[in-house]
Amino acid sequence: MLADKTAKMTKYAFRIPDEPLTIPLTIIMGSVIGLLSTASIIQGTLLSRVLTGLTFGFMTFSLPAVLSTGLTSIADSEEKFLTVRRSAFLALSAEGLMGFIYLGSLAFQPVLGINSIALRIYGFLAGSIACLALRFIVLLVMSNFNVLKSLFLSAVQPGFSLLLLFAVNKVERLTVILIPELRAWISFPKMAFVTFVIVTTIWAFLKIMNAPLKARYGVGLIEVLNYALAEAMGYKAKMEGFFERMGEEMNSLVTTLVLKSKGRVKAIVVTPYIHAGPYGEIGGSNLPFHLMERVEKRTGAECSFVFHGTCTPDLNPVTKRETLKVVSATIEAINKSLVKMGSKKVSKLVKVEEEGLKVKCQLFGGYPLIIVTRAPGDTEDIDFGVGWALTNLLKAHGYEYAAIVDAHNSIGEWGKPILTNDPKSFLLEELTVKAVKKAEKRISDGLMIGVAKKEIDGKAKDGVGPGGLRFLLVKAGKDKFGYLLIDGNNMVTGLREKVLERFKLHGLMEGEVLTNDNHIVNGFMTGFNPVGLRTNPREILKWIDELIEEAEGSIEPCEAHYRTEKINKILVFGTGKTREFLSLVNGVITISKVLAPFISLLAATVIILSLFI
């Protein structure tokens, strides 16, 4: 959730032009600033005023920006966070801010009553300070530079501007713009003091924001943001390193349903109780696809399905390396399940509902497949403890193995998970027992299975991961039932209902559409990205038509094998760690809202007093 909220504020941060475009823009902007600054000059011909403006703008605005671009990217050549492209854009932004303040000061000449020459110098110095402040903040947040290195590189662009200002002042035709009056230039020490106050204020404020997380995790908020930005740029190790430090070892479960036909594996349904997050491609994100890929390769299955077990972000693997433990436990469960005799019995898919909570159940031999949804209401995560309680409840009713699946198929703004002690968790126990009892009365022989899948390249940004869409067709007696799995993180409200209507058009008695909560679709820059938000629902329905037809063509008799295995000592975020981390971040944000105006007012007071002393 933190990544999703952060992404809403930062998703445009790196959609910036390449340097072949940025550098010319830098030169054009400097030229425009120079021309506007000479607009009020009466002396000289039009051509001389134009040449004066172009020279002034290029030398004091454009050239310093280009020079600082090169120095900044060279200084960060090892980490490569601040590439030439990003350094050029930072310089362009700082140049724009500096020019805006400089030109703005000229517009206030009648109000301030200061002569033109002095006002130009004041405006130029004020713009230089703003340029330094902007660069200082960005370098502290985006790079691994310490304060002194950040300060030095921040001062490069305005420093070059001031040096070149002295140089161009020697050019005769520019004297009309910048003849240095003594009373204007003696303000330079005051401006140096103002710069010191601003830099110190920024540093102190960031230090305060860093303190709570630094004390708890050894890494400050700015460093975490830096890691997240690095991940967005393709550097995965740093963010995973932070998660690894805050993580803890825990045990979990994975359960498998293997459907065999004529001695070969037709389909495998895997339900890991591990969360596929946090976002992008770090940690456990994209676990569902990797798991399906590995399972199919190891077993030769036509199609595999990874459903979303009952778990929250507390069970996010901290690194990709940890997800191998999930793969290992899954393969072990599959191998052990195939040792025993399979079952050809299957029940109809039944549903019970109360207070907006829906529980569906289909029995494959002695294996209940339980699917939970609150659609069309928000259907978010279900805590592991709730699923574990349901598993033990079913054991008491004679079912050694079972899959408790969160359909994760309807979301509005921010859904609320079902946690232990939530009233809905108690209702869920009642409905699960009712659903199983109802399914037990509708068992028949002759399990038949059909499968189909459609992998979609390049659709992660549109809400569909590399696993694409997968369809499991189950025939029990004369009735057909369907499960559509979409490799993604939840669905926009209302899309599920359209899919189920499509099922009926194809003659299916009942079914369900699920997502596996794959957080690969949630980038740091794209945020929460449910299925149907960016992908056209009509296109999805078209794919579903194709999948159902393909699955019906592949239907054949099968037998069910099932097993649950423990995932031992997997390093995950840990119980309550996600909420604790978010609470600390929210606390820092709350404190900053109080401190920021106070610190800014204090700094402004010191600056104003310094100008009149």
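Between rounded, prolate and oblate, where does segment 289-369 land on the alpha carbon gyration tensor, with a ≥ b ≥ c its root eigenvalues, rounded for a/c under 1.5, else prolate if a/b exceeds b/c?
oblate
Segment 118-170 and segment 296-319 have Cα centres separated by 51 Å.
Hey, can you find the accessible area per residue of segment 251-303 for me, probe 1.4 Å, expressed in square angstrom? Provide the component values of the computation, followed by the final result.
Working: 1570 Å² over 53 residues.
Using a 1.4 Å probe on heavy atoms only, each residue of segment 251-303 averages 30 Å².
Among THR195, THR26, THR493, the order of accessible area from largest down is THR493, THR195, THR26, computed with a 1.4 Å probe on protein heavy atoms.
Ordering ILE101, ILE28, ILE443, ILE331 by accessible surface, largest first, gives ILE28, ILE443, ILE101, ILE331; the 1.4 Å probe counts only protein heavy atoms, with every chain in place.
Once a ≥ b ≥ c are taken as the square roots of the eigenvalues of the Cα gyration tensor of segment 448-495, is the result rounded (a/c under 1.5), prolate (a/b larger than b/c) or oblate (a/b not larger than b/c)? Since a/c reaches 1.5 but b/c is at least a/b, the shape of segment 448-495 is classed as oblate. Using heavy atoms of the protein chains and a probe of 1.4 Å, the accessible area assigned to PHE196 is about 130 Å². Near LYS480, the amide H atoms lying under 5 Å from its own belong to MET509; only residues 5 or more places off or on other chains count, and H is placed 1.01 Å from N.
Checking the table LYS266/LYS358; LYS260/LYS416; LYS434/LYS504; LYS348/LYS424; LYS262/LYS434 against a 32 Å threshold on Cα-Cα, which pairs fail?
Going by Cα-Cα distance, LYS260/LYS416; LYS262/LYS434 fall outside the 32 Å limit.
Per residue, segment 391-505 exposes 41 Å² of solvent-accessible protein surface, assessed with a 1.4 angstrom probe and all protein chains in place.
Each residue of segment 323-332 is assigned a 3J(HN,Hα), and the resulting list reads 5, 5, 5, 5, 4, 4, 5, 5, 4, 5 Hz, derived from the Karplus form 6.51 cos²θ - 1.76 cosθ + 1.60 (θ = phi - 60°), x at Gly and Pro. Can you bin segment 483-576 into rounded, prolate or oblate? Criterion: square roots of the alpha carbon gyration tensor eigenvalues sorted a ≥ b ≥ c, rounded for a/c under 1.5, prolate for a/b above b/c, oblate for the rest. The shape class here is oblate. Heavy-atom accessible surface of TRP203, to the nearest 10 Å², is about 100 Å², with a 1.4 Å probe and all protein chains retained. Note on exposure: ARG502, ARG579 ranked by accessible area (1.4 Å probe, complete protein assembly) read ARG579, ARG502, with the most exposed listed first.
Per-residue surface analysis assigns THR535 an accessible area of about 10 Å², computed on protein heavy atoms at 1.4 Å probe radius.
Relative to the Cα centre, the charge distribution of segment 271-328, modelled as +1 at Lys and Arg Cβ and -1 at Asp and Glu Cβ, gives a dipole magnitude of about 200 debye.
The values are calculated or read from the model by the stated rules, or taken from the named source; none is laboratory data. This structure is a prediction, so every number in the text was calculated from the model and none was measured. Cβ coordinates were reconstructed from backbone atoms using ideal geometry, including for glycine residues, and neighbour counts include every protein chain displayed. To get the accessible areas, we keep the full protein, side chains included, count just its heavy atoms, and leave off ligands, DNA and RNA. Shrake-Rupley method; radii C 1.70, N 1.55, O 1.52, S 1.80 Å.
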